[in-house]
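Below is one structure, written out as structure tokens; the observations come after it.
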Amino acid sequence: FKMCSGRVICKLLPSGEKEVDLAVQSAKAAFKIWSQMSGMERSRVLLEAARIIREQREEIATLETINNGKSIFEARVDIDISWQCLEYYAGLAGSLAGEHIQLPGGSFGYTRREPLGVCVGIGAWNYPFQIACWKSAPALACGNAMVFKPSPFTPISVVKLAEIFTEAGVPKGLFNVVQGGAATGQFLCHHPDVAKISFTGSVPTGIKIMEMAAKGIKPVTLELGGKSPLIIFSDCALENAVNGALMANFLTQGEVCCNGTRVFVERKIVDVFTKEVVKRTQKIKIGDPLLEDTRMGALINRPHLNRVQGFVKQAKEQGAEVLCGGDLYVPDDPKLKNGYYMQPCVLGNCRDDMTCVKEEIFGPVMSILPFDTEEEVIERANATKFGLAGGVFTRDIQKAHRVVAALKAGMCFINNYNISPVELPFGGYKASGFGRENGRAAIEYYSQLKTVCVEMGDVESVF
């Protein structure tokens, strides 16, 4: 679907068991060639893919906007992060190495870092192209093949990535794309020739994937949901904190797993902060995501839009005050009247026990919660099953480090939010999953160590 207008733009056939098997066998054949290449050879191919993405940035960003509904302004940032990711792992590919260990009597041991084989990537619909790059770049750098299944709601841009890899010179079939929903995902997870599964998406689906992977003792990386705390202290730079709160809640129409949707504000400044946030939120330009000045596009589909609206309705019933937004938005352009738009929403008068504060909404809805002391806010911030991210705004640098050290979350921000440089590992604690994407850390999840022990004298037998 084209989210901004509600029109169908293309129809794709889901991949059944036969197609999934063909994709895996094709990847397996390509893996034999790719895994035997040197790290430097793989590096050159990844650099070429990064160059093509950079060259086609505008075209891919437009495709992604049509694919997902986010503003073209944001889609360009996603594409930049994508080529940077490929470039980063291209840089690491040639440096992957084991170590040599001296043993007594001239004997020695060494380790080899080896690829896993055919890895499966299962993507989410909020960052389709970027997630495919985050998963494929470290996988390919380590010498693996990958079969990737995008979300059925955003099937298009990952196909473009497959074409780019082929053009850059990867062996035919090394990066394969299969289309479909849960059934296709099940065929992938159960396939005996799949060595590893990396999934981005919801907690319930993550649990199912882990169960399926367990049957084949396959390692998994799970990047799941969040209900992250954003803590605003009274000694913050106010304008900076307001900017941070907007970045933490309204990127990609609020459909971001690490969003800081529980905004804890020190009571002394809660009124002035709230007033400023509401003023800024009301100015967000909603509409056709392909227009340069649009800052918020359309949500992913009708059922999801209805679900997000349901959360706002329930919040009102539980006593929250809608300070702005929350309603459907109908753009002036008649072509867009059936699009999935809503006004970004700020909720006041929130309590920790409300559904809107406990559950992941995955839409443009911010909950503001006052607090009094540092100790209290840390306890409340951690009182959740999730642990993906957390943020702190304060001018007191000691307090900033003290608070993030106490947060049970995998990705923490100090005086910024939702910045994801590819050099830094990304992933969660608790129900938000495990394993890491990006940074050197991802290498550990796409390779395995082999130990070799070499005897330089005669074997001493105890028999």
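The values are calculated or read from the model by the stated rules, or taken from the named source; none is laboratory data. These numbers were taken from a predicted model, which means no experiment stands behind them. Cβ atoms come from the backbone with ideal geometry, glycine included; neighbour counts cover every protein chain shown. For accessibility, only protein heavy atoms count, side chains too; no ligands or nucleic acids. Shrake-Rupley method; radii C 1.70, N 1.55, O 1.52, S 1.80 Å.
Observations, loosely collected:
- Alpha-carbon centroid distance for the pair region 255-279 / region 312-328, whole angstrom: 15 Å
- Degrees between helix 17-34 axis and first principal axis of the chain (Cα, 0 to 90, nearest 10): 60 degrees
- Helix-derived mean residue ellipticity, 222 nm - over the chain, DSSP H n ≥ 4, -39500 (n - 2.57), to 500: -12500 deg cm²/dmol
- Simple point charges give the picture: +1 on the Cβ of Lys and Arg, -1 on the Cβ of Asp and Glu, and for the chain a dipole about the Cα centre of about 820 debye.
- Degrees separating the helix 128-141 axis from the principal Cα axis of the chain, which is the longest one: 20 degrees
- Shape category assigned to region 139-285 from the gyration tensor of Cα positions, a/c cut at 1.5: prolate
- Take the Cβ atoms of residue 333 and residue 182, set R0 to 45 Å, and the FRET efficiency comes out at 0.80.
- Close amide H contacts of residue 391 (hydrogens built in the peptide plane, cut-off under 5 Å, sequence separation of 5 or more or a different chain): 230, 231, 413.
- Highest-first arrangement of 241-253, 72-84, where packing means the average Cβ count within 10 Å: 241-253, 72-84
- Region 229-414 - accessible surface per residue (Å², probe 1.4 Å): 42 Å²
- Cα gyration tensor, region 91-180 - rounded (a/c under 1.5), prolate or oblate: prolate
- Surface share of carbon and sulfur [accessible, 1.4 angstrom probe, percent] for the chain: 55 percent
- DSSP finds beta bridges in the chain, and of those with both partners inside it, around 35 percent are antiparallel.
- Three-way shape call for region 229-414 based on the alpha-carbon gyration tensor, with the a/c threshold at 1.5: prolate
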